[in-house]
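Have a look at the structure below, then the notes.
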Amino acid sequence: MASSALSIERPGDPEAAPLRVAVVGAGGWGAQHARVVTERFDTELVGIVGRDPARTEARAASYATRAYTSIEGMLEVEHPDLVTVCLPNEEHFAPTLELLKAQVPLLVEKPLVFDLVEADALLDAAGDTFFAINFNHRYAEPVLRARAAIEAGELGDLVFATWRFGGEANRGPSPHANLIETQCHGFDLLEHLCGPIASVAAQMASKTYGAFSTVAIALEFASGAVGTMLGSYDSSYAYRDSQLVEVNGTAGRAVIHDTVGALRLQSVGDETERVWRAGYFDDEARSFERTFDRYLDALLRSLRAGSPPPVPASAGRRALELAHAVIRSHETGARVPTPPAHP
């Protein structure tokens, strides 16, 4: 098995001219955006945009940069090479559209938006602009290794896959917040590992606080494999295996524990397992937050090379499309086709 994707040393090319990066959002995960930019050799944090002046000033001061309360004002002064957007889940559309109209390269947090019409409007506005979404689960060490094992044929032909992800509620206006803003990672990761999802059938529960806080989904993959997803806001992130992924094939299986916790690979008929778990000094590989560092590392290489983003915003639109198919399935009691998006 290969070593971790990033070393413990400061990432980025110290000889490269730093890219000017601004962050839109002064909240909790926005702090991760600011952190990862300031910890690199090849990026410079040139501003933070927020709605609350005092909070934004405090965040900007903590990272020795400038605070803004409008996107337009920041763009006029800073002329960034890249803007990252980290805002409340259901408030992505207008700021993202404003940035796309300014034709600035963009990385947005998931979910892209909650409405498919808005998603299409953003993709249309983007045109050829570099437009990426943060599906950082793809860059966890167990996921990288599991995908390599699948591509090497170690699991044989895939037969079934399971995603389970549940914790405390992140409540919002939408009754489908759990499905759209959290389980989007599951849709993206299962298609990343197993190929396109061809249809879905779903059941939802709303036993706790008036929203569809738990959802169970049966999946059909275009390959003929089947799968399941269980996503919940009625659980706890304190539990072991709050997140669990299993991919089972004709020759073996891969099991991912808590995204960055461990990977177990096993062959059919073999009672022994091969296990990856981060070593004593390998804090980077055991940290969920550092999956974002890894993703930004890949994203910046693509941006500098003039290549498409490693995870384009269209992947966010695809996850939203699958989520809306799940909603239709629950409402109608029928299986809903989900033909793969056009390349």
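The values are calculated or read from the model by the stated rules, or taken from the named source; none is laboratory data. Computed from a prediction, not measured in an experiment: that's the story for all the values here. No Cβ is skipped: glycine too gets one built from the backbone with ideal geometry, and neighbour counts run over all protein chains shown. Side chains are part of the model used for accessible areas, which takes the heavy atoms of the whole protein and leaves out ligands, DNA and RNA. Shrake-Rupley method; radii C 1.70, N 1.55, O 1.52, S 1.80 Å.
Computing FRET efficiency as 1/(1 + (r/R0)^6) for N170 and R335, where r is the C-beta to C-beta distance and R0 is 25 Å, gives about 0.30.
How much accessible area per residue does the chain have, in Å², with a 1.4 Å probe? Show your work: numbers first, answer last.
Details: 15240 Å² over 343 residues.
With the other protein chains kept in place, the chain gives 44 Å² per residue.
Taking the Cβ-Cβ separation of S223 and D120 as r and a Förster radius of 30 Å, what is the calculated FRET efficiency to the nearest 0.05? That pair, S223 with D120, gives E of 0.65. Site pair E9 and S267 shows an inter-label distance of 3.7 nm when each label is modelled 7 Å from Cα along Cα→Cβ.
List the chymotrypsin sites (Phe, Trp or Tyr not before Pro) within the range 192-244 that fall in a DSSP loop (any state other than H, G, I, E or B) and whose Cβ has at most 14 other Cβ atoms within 10 Å. Could the numbers behind the result be given before it?
On the way: sites: Y209, F212, F221, Y233, Y237, Y239; in loops: Y209, F212, Y233, Y237, Y239.
Taking the range 192-244 and a limit of 14 other Cβ atoms within 10 Å, the loop chymotrypsin sites (Phe, Trp or Tyr not before Pro) found are Y209, Y237, Y239.
Taking label positions 7 Å along the Cα-Cβ direction at both Y239 and F41, the computed distance is 4.5 nm, reported to one decimal.
Of the solvent-accessible surface of the chain, computed with a 1.4 Å probe over protein heavy atoms with every protein chain present, carbon and sulfur atoms account for 52 percent.
When the chain is fully extended, how far beyond the present Cα-Cα distance does D128 get from R328, taking 0.36 nm per residue of separation? Provide the component values of the computation, followed by the final result.
Working: separation 200, 0.36 × 200 = 72.00 nm, distance 3.20 nm.
Additional length available on full extension: 68.8 nm.
Projecting the Cα atoms of Y233, G316, V255 onto the dipole axis of the range 193-343, where Lys and Arg carry +1 and Asp and Glu carry -1 at the beta carbon, places G316 farthest toward the positive end. The H on the amide N of A132, modeled in the peptide plane, is under 5 Å from the matching H of L106, L107, V108, A313, each at least 5 residues off or on a different chain.
Candidates (i) 20.9; (ii) 22.6; (iii) 21.8; which is the computed Kirkwood radius over Cα pairs in Å? For Kirkwood radius over Cα pairs in Å, the calculated option is (i).
Exposed loop sites here are trypsin sites (Lys or Arg not before Pro) assigned a DSSP state other than H, G, I, E or B and surrounded by at most 10 other beta carbons within 10 Å; excluding them, the longest clear run of the chain is 1-206.
Restricting attention to the chain, close to 60% of DSSP beta bridges with both partner residues there are antiparallel.
Quick one: length gained pulling L97 to A58 fully straight, 0.36 nm per residue minus the C-alpha distance? Could the numbers behind the result be given before it?
Working: separation 39, 0.36 × 39 = 14.04 nm, distance 2.65 nm.
Length difference between fully extended and current span is 11.4 nm.
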